[in-house]
Amino acid sequence: MVLCADEKSQIQALERTQPTHRRHGRTTLFAALDTAKGTVLTPCRKRHRHQAYLDFSRQIAKNVPLEPDVHVIVDNDGTHKHPRVQRRLAQRPRFHVHFTPTYASWLNQVEIWFNRITQQAIRRGTFRSVRELVEKIGQYVHASNTHAQPFVWTATADSIFAKVQRLWERISGTAD
């Protein structure tokens, strides 16, 4: 089983009134996308810290089948590499974490799902409270999971590798 996991932090509950926007707080959305089904497992938390990520990893463990092993794709965020998170993963050998290369979090398919929820449910929405925002996110997740389909890459593997190579050359200083 392959899950793509990440967080969308500091989602603001904005009440979009004229002429100003009132801010009512924010939430962090954790999401694990099942690449084979296109479904997501999502809790919202007040903060983006390793403790919240540990809670999220426990939720993942409770909601995946006991077989097969679980491969989790994550970026290089500090919450994913925190020592307590690493210790917890070491105690669960059926969970295998794979980090995307630095500056390549776009390879993680959950980023596509984050873009969709942002465009279709969060951006331009008006929310009088964080609770209202979290409810809207929950409604979107339910609808998304009801009609879930796996994402299909439209780029070829060769074009992705070429893009990664160009990026590597640029950041390592070896480009012409």
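Values in this text are rule-based calculations from the coordinates and carry no lab data. These numbers were taken from a predicted model, which means no experiment stands behind them. Virtual Cβ from ideal backbone geometry, glycine too; neighbours counted across all protein chains shown.
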- Cβ-placed point charges (K, R +1; D, E -1), dipole of the range 2-150 about Cα centre in debye, nearest 20: 660 debye
- Task: Can you tell me the FRET efficiency between VAL164 and ARG124 if r is taken as the Cβ-Cβ distance and R0 is 35 Å, rounded to the nearest 0.05?
- Result: 0.55
- Item | Nearest-ten-degree value, helix 50-63 long axis tilted from longest Cα axis of the chain | 80 degrees
- Query: Taking a ≥ b ≥ c as the square roots of the eigenvalues of the Cα gyration tensor of the range 114-176, is the shape rounded (a/c under 1.5), prolate (a/b larger than b/c) or oblate?
  - Reply: oblate
- Query: Which of the listed residues, GLN12, ALA32, VAL72, is farthest toward the dipole's positive end in the range 2-150, when Lys, Arg count +1 and Asp, Glu count -1 at the beta-carbon?
  - Reply: GLN12
- Task: Kindly give Rg over Rh for the range 38-105, based on alpha-carbon atoms, with the Kirkwood expression for the hydrodynamic radius.
- Result: 0.94
- For the range 1-62 versus the range 87-108, the gap between their alpha-carbon centres in whole angstrom: 18 Å
- Task: Give the dimensionless ratio obtained when the Cα radius of gyration of the chain is divided by 2.2 N^0.38 Å.
- Result: 1.13
- Message: Can you list residues from other chains, or at least 5 along the same chain, whose modelled amide H is less than 5 Å from the amide H of ILE73?
- Response: LEU3, CYS4, ALA5, HIS98
